[in-house]
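The values are calculated or read from the model by the stated rules, or taken from the named source; none is laboratory data. Note that the structure is predicted; figures quoted are calculated from it, not measured. All Cβ positions, glycine included, derive from the backbone under ideal geometry; neighbour counts span all protein chains shown. Quick note on the areas: whole protein, heavy atoms, side chains included, nothing else; ligands and nucleic acids left out. Shrake-Rupley method; radii C 1.70, N 1.55, O 1.52, S 1.80 Å.
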Amino acid sequence: MSKKEKKSNKTHLFQIILGNSLIVSFLCIITSLNGLLEVPELDFYDLLTRRKSAQDIDPRIVLVGVTESDLEYLNGWPISDRKLTLILNKIKQQNPHSIALDIYRDFPVFEGYEELKSFLEATPNIIGVENITLSNQPNEVMAQAIKAPPVLAEQDQVAIANFTFDQDFVIRRAFLAVRPYDHEEAKLSLAARLAIDYLEDKNILLTPIPNKKFTYQLGKSEFKLLDSKAGGYAGQYSLNNIRGNQILINYRGKPCNLQEDCKFKKISVQDLLENNIEADLFKDKIVIFGSFSGSLGDIFFTSYQTPMFGIEVHAHITSQIINAAIEGNTLIRTLPEFIEWFWILLWASVGSSLGILLGKKKVASLGIIPITILLVTVNRSLFLQNIWLPIVSPFAGLYLSLITAAGYLFWQQLKDYTRNLEFKVVERTIELKEKNQELADQNVKLDRARDIADAANRAKSQFLANMSHELRTPLNAILGFSQLMNRDPQLSSTQATYLSIVNRSGEHLLNLINDVLDMAKIEAGRMNLNLKSFDLRSILNSIEDIFMLKAAEKQLSLEFTCDELVPQYILTDEKKLRQILLNLLSNAIKFTTVGSIKLLVKVLEKEDNQYCLSFTVQDTGAGIAATELNQLFNPFIQTETGIKSNQGTGLGLPISRKFVQMMGGEMSVSSKLEKGSIFTFTIKVKSVKESLVEPLIQRPKVIGLETNQPIYKILIVDDRWVNRKLLERLLTAIGFETQEANDGQEAIAIWKSWKPDLIWTDIRMPILNGYEMTKQIRKREAAISRQQDSEQHTIILAITASILKEDEELILQSGCDGFIRKPFKENDALDLMQEFLGVKYLYEDTSKVELKESTNIVADQSILKEQLQLTSDDWQEELKHHTLLGDDQSIHVLLTELPDTAQELKQTLNIWIQQFRFDLIQNLLE
């Protein structure tokens, strides 16, 4: 390549990089401005906040909070004006710099109002709070306006306690000052008022900066309006929500409501009133009085994963403002918009360059990860310096430009390759004219290979079509009939709910089947043996019962023979043996129209307790051609008979043979057309003692509670509606009285008022989990027992999905009486309740069930045909019409017209309608 060509090539590559980078940057900027990247940007902002090193405890601020134990100590909430005066007076005695009253007190509460009023009038350094309405727009969330204490309002000792929330209800920003929509003057936030008062005593004053609107200097820091497009903010929600003077909150560390590493000194009311604090703890400090109790609701989501109490948020903001004024560089800053745009363009250019290198087949993919790490590292380093720069839009620009640049270059290379290929084709054509005969021979071979490949593809496609049909058809019926039933105007609301659950479950099952089908194609053959001791003769009897009705319908003889030498109790993979026999017997019945199907089990070899068993399935069906026997066990291949039947998938026999080989045996087949087939397989098993076999116990169904028992009240606690509803339906159907709670906190409230006999609780729940709920209930029960001198104990049973031993110990240590694992069986749950409550159940009469099942006997086909002749042609045509529509109600009406001499036909059709076997009715009519 000449120098001129090299220079032209470099210029072309530069144009690709520049053009691609500008286009991608423009798309990323537009996407960001429309707010589509705001949520991930804020999520990454939270991640950076959590990764910052925690600051030391701020000695200038002390928090006095009402804890859960204080509520009992103070005899409930709200506390009276007299008690509030006592608390505030205790604080004032140590001469704090200022006191923030972060509770709303706009009217007298119980006794002592005059004492509180006199105290507030005599305390110039106390600041009360109010909540203001920021907007009258109907599409905006408005805080309820709550006035400040009248005495403090008259003395101008009031600040606003409003917080500002992002669209995910997380507090990342804070008001400094804001003007209510119905008021002309701006009002300071509580944190700003406390910080400014504190700094004034240190001769640090808030002064406006000339020629900069809404910008103020406070000590070493400059406070200005927060731009609506600052950092990652860009969405329509943010444009409406950013009002007043705001700052981004620079939290000192994690919340202290659940940890011990609180960034502020925290005092409970009980410790304050009982003088369990240092004598000068509050001296010259900012003291904030409020709530440290989750039940009072003053708790919020922040950038940390654990919620934070309101007084703690105020403390973080106050500390940040003071540090900004005294030390500087504690305010989180954002850069001008044009710098953020340039930042996106820079990384889009890097991505385009990497894409060009990747397109030129250089090892550029290895540089993607370091570049990504560099982008994250730079953003994190800037954030540690309190500079917030977007990362999602540069990240999108990096990878999008990389993909588009590489794709463009690949496309150019493909065009060049196509031109070269065309040139080479011309050359090759001249050469190939001399080899026409050789090419003809190769074409013949290629045609043969193509035919073989087409046949294989057709077989595979036929398998997929059949498998999809076999699996989807019954599910389609389930979903369809449930939807049709849901249209019934006489359907009750309860029945509609049940049908909705059936429908959703059916759809879920359909998705699962699709997944399993995909996995089966990928993971075919990856199976393990699951050895189990079981009763072989019981398995054979159950399989014989399964096929007895199908054989009777086709008027076939079904005969099972098990040699006396075959051990009754064996050790092998029960499920795989069952599946092998089901596959072979199902095929035998499917392809046999006249004659019999036989199963013979015998012993081939025996050494001590080791056996080699032989299973033979013989039928008198259509048989298999000798030319097809060699490929019978190949996946996705069906015999000609199987294809004509339009049933099956071509996988049953290959899977069965694989299972047999895994169990130490082999499968063979012999067959003659129109004579039948004989399938024989062997497996190796071990005989075991009967004591090692788990007995199959048929337990009767619980249908109710015995009379003359107390009305048992059961509380169900779970944050998932479906889980609660499942247990609620089970228990109420039996006769228990139930109530539901969405979390542990709600459950405690119901427990106090309703006094349940037993509580079923999930372990993992928001707000208050099962562990903490149980501990609090046990603590309250102990207190009640001491007061009333009587034992108080509610049965608490946990529902857990964990299988770890240590989790079982935690459940019992928390105070639970017992537990059960998900998914659980009805009888297991009812047995556990019976163990702890001593409840007595009523059980279903199994003799009636057996009598009902014994009446479902299908008459012989010849009798049905004979009695069908007693009906008119019009009646048969109408029956055929309703059968095709699946209209069981109309068929029931037709059955009332049958004469008394056709009772067997009437009974059989009724059974088939109950089983939705419309196909059997069609076969009878044909």
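Residues are listed down the side, and each one gets a yes or a no for (1) among the charged types (D, E, K, R); (2) open to solvent by less than 10 Å² (accessible area, probe 1.4 Å); (3) in a helix (DSSP H, G or I):
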position	(1), (2), (3)
LYS263	yes, no, no
LEU281	no, no, no
SER303	no, yes, no
THR306	no, no, no
ILE311	no, yes, yes
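Filter region 215-225 down to the residues that are open to solvent by 30 Å² or more (accessible area, probe 1.4 Å) and either in a loop (DSSP other than H, G, I, E, B) or not hydroxyl-bearing (Ser, Thr, Tyr) (or both) and list them by number.
The first filter runs over region 215-225 and keeps only residues open to solvent by 30 Å² or more (accessible area, probe 1.4 Å), leaving 216-217, 219-220, 222, 224-225.
Within region 215-225, GLN217, GLY219, LYS220, GLU222, LYS224, LEU225 meet the criteria.
If you take the residues in region 780-801 that are touching a Ser or Thr at 6+ places or on another chain (Cβ under 9 Å) and of a type in the set (D, E, K, R), which one is least open to solvent (accessible area, probe 1.4 Å)?
The initial filter retains those residues of region 780-801 that are touching a Ser or Thr at 6+ places or on another chain (Cβ under 9 Å), namely 781, 784, 791-793, 796-799.
Now drop any that are not of a type in the set (D, E, K, R), which leaves 781, 791.
Values: GLU781: 7, GLU791: 151 Å².
Here the answer is GLU781.
In region 189-214, which residue that is in contact with a helix residue (DSSP H, G or I) (Cβ under 7 Å, 6 or more places away or on another chain) and hydrophobic (A, V, I, L, M, F, W, C) is most open to solvent (accessible area, probe 1.4 Å)? Before you say what the answer is, go through the steps one by one.
First pass over region 189-214, keeping only residues in contact with a helix residue (DSSP H, G or I) (Cβ under 7 Å, 6 or more places away or on another chain): 190-192, 194-195, 198-199, 204, 206.
Now narrow it down to the ones that are hydrophobic (A, V, I, L, M, F, W, C): 190-192, 194-195, 199, 204, 206.
Working: LEU190: 0, ALA191: 3, ALA192: 5, LEU194: 1, ALA195: 0, LEU199: 0, ILE204: 34, LEU206: 77 Å².
Top of the filtered list is LEU206.
Which one of these is in contact (Cβ under 8 Å) with a residue 60 or more places away in the chain, in contact with a helix residue (DSSP H, G or I) (Cβ under 9 Å, 6 or more places away or on another chain) and crowded, with 16+ Cβ neighbours inside 10 Å: ASP718, ASP762? It would help to see each step written out before you state the result.
On the way: ASP762 fails: in contact (Cβ under 8 Å) with a residue 60 or more places away in the chain.
After ruling out the rest, the residue left standing is ASP718.
May I ask you to list the residues in region 283-297 that are open to solvent by 40 Å² or more (accessible area, probe 1.4 Å) and within 39 Å of the chain's Cα centre (by Cα)? Break it down into steps so the answer makes sense when it comes.
Initially, region 283-297 is screened for residues open to solvent by 40 Å² or more (accessible area, probe 1.4 Å), giving 283-285, 295-297.
Those that are open to solvent by 40 Å² or more (accessible area, probe 1.4 Å) and within 39 Å of the chain's Cα centre (by Cα): SER295, LEU296, GLY297.
Go through (1) touching a residue at least 12 places away in the same chain (Cβ under 8 Å); (2) under 21 Å from ILE29 (Cα atoms) one by one and return the number of the condition GLN413 breaks.
(2)
In region 615-635, which residues are at pLDDT 80 or above, assigned to a loop (DSSP other than H, G, I, E, B) and not β-branched (Val, Ile, Thr)?
Across region 615-635, the qualifying residues are GLY621, ALA622, GLY623, ALA625.
Being modelled with pLDDT of 85 or more and either assigned to a loop (DSSP other than H, G, I, E, B) or open to solvent by 60 Å² or more (accessible area, probe 1.4 Å) (or both) is the filter here; which residues of region 169-188 pass it?
Applying the first criterion (modelled with pLDDT of 85 or more) to region 169-188 yields 169-177, 187-188.
Correct list: PHE169, ILE171, ARG172, LEU188.
Checking GLN94 against (1) open to solvent by 10 Å² or more (accessible area, probe 1.4 Å); (2) assigned to a helix (DSSP H, G or I); (3) touching an Asp or Glu at 6+ places or on another chain (Cβ under 9 Å): exactly one of these is not met. Which one?
For GLN94, the failing item is (2).
I'd like the full set of residues that are at pLDDT 80 or above and open to solvent by 60 Å² or more (accessible area, probe 1.4 Å), limited to region 808-864. Let's see the steps before the verdict.
To start, the set of residues in region 808-864 that are at pLDDT 80 or above comprises 809-820, 828-843, 863-864.
Within region 808-864, GLU809, LEU810, LEU812, GLN813, ASP828, GLN834, GLU835, PHE836, LYS840, LEU842, TYR843, ILE863 meet the criteria.
Would you please name the residue that is farthest from the chain's Cα centre (by Cα), looking only at residues in region 724-743 that are over 15 Å from MET765 (Cβ atoms) and open to solvent by less than 50 Å² (accessible area, probe 1.4 Å)? Break it down stepwise before answering.
Keep residues of region 724-743 that are over 15 Å from MET765 (Cβ atoms), which gives 725-726, 728-739.
Subsequent filtering for residues that are open to solvent by less than 50 Å² (accessible area, probe 1.4 Å) retains 725, 728, 730-731, 734-736, 738.
Details: LYS725: 18, GLU728: 22, LEU730: 24, LEU731: 26, ILE734: 31, GLY735: 32, PHE736: 30, THR738: 27 Å.
If we take residues in region 724-743 being over 15 Å from MET765 (Cβ atoms) and open to solvent by less than 50 Å² (accessible area, probe 1.4 Å), then GLY735 is farthest from the chain's Cα centre (by Cα).
Determine which single condition VAL376 fails, assuming it passes every other condition in (1) open to solvent by 40 Å² or more (accessible area, probe 1.4 Å); (2) farther than 19 Å from ASP46 by Cβ; (3) not acidic (Asp, Glu).
(2)
Among the numbered criteria (1) in contact (Cβ under 8 Å) with a residue 40 or more places away in the chain; (2) open to solvent by 90 Å² or more (accessible area, probe 1.4 Å); (3) not small (Gly, Ala, Ser), which single criterion is violated by LEU384?
So LEU384 meets the others, but not (2).
Could you grab the pairs with beta carbons closer than 7 Å, sequence gap of 6+ or different chains, first residue in region 896-915 and among the basic types (Lys, Arg), second one outside any loop (DSSP other than H, G, I, E, B)?
So the pair list comes out as LYS906/LEU895.
Scan PHE338, PHE395 and give me the residue that is crowded, with 16+ Cβ neighbours inside 10 Å and more than 17 Å from LEU18 (Cβ to Cβ).
On the way: PHE338 fails: crowded, with 16+ Cβ neighbours inside 10 Å.
Criteria check complete, one pass: PHE395.
Look through SER557, SER596, SER533 and report the one residue that is at pLDDT 85 or above, open to solvent by less than 40 Å² (accessible area, probe 1.4 Å) and touching a Ser or Thr at 6+ places or on another chain (Cβ under 6 Å).
Of SER557, SER596, SER533, the one residue that is at pLDDT 85 or above, open to solvent by less than 40 Å² (accessible area, probe 1.4 Å) and touching a Ser or Thr at 6+ places or on another chain (Cβ under 6 Å) is SER596.
Looking at SER687 and the list (1) modelled with pLDDT under 90; (2) open to solvent by less than 100 Å² (accessible area, probe 1.4 Å); (3) among the polar types (S, T, N, Q), which single condition is not satisfied?
For SER687, the failing item is (1).
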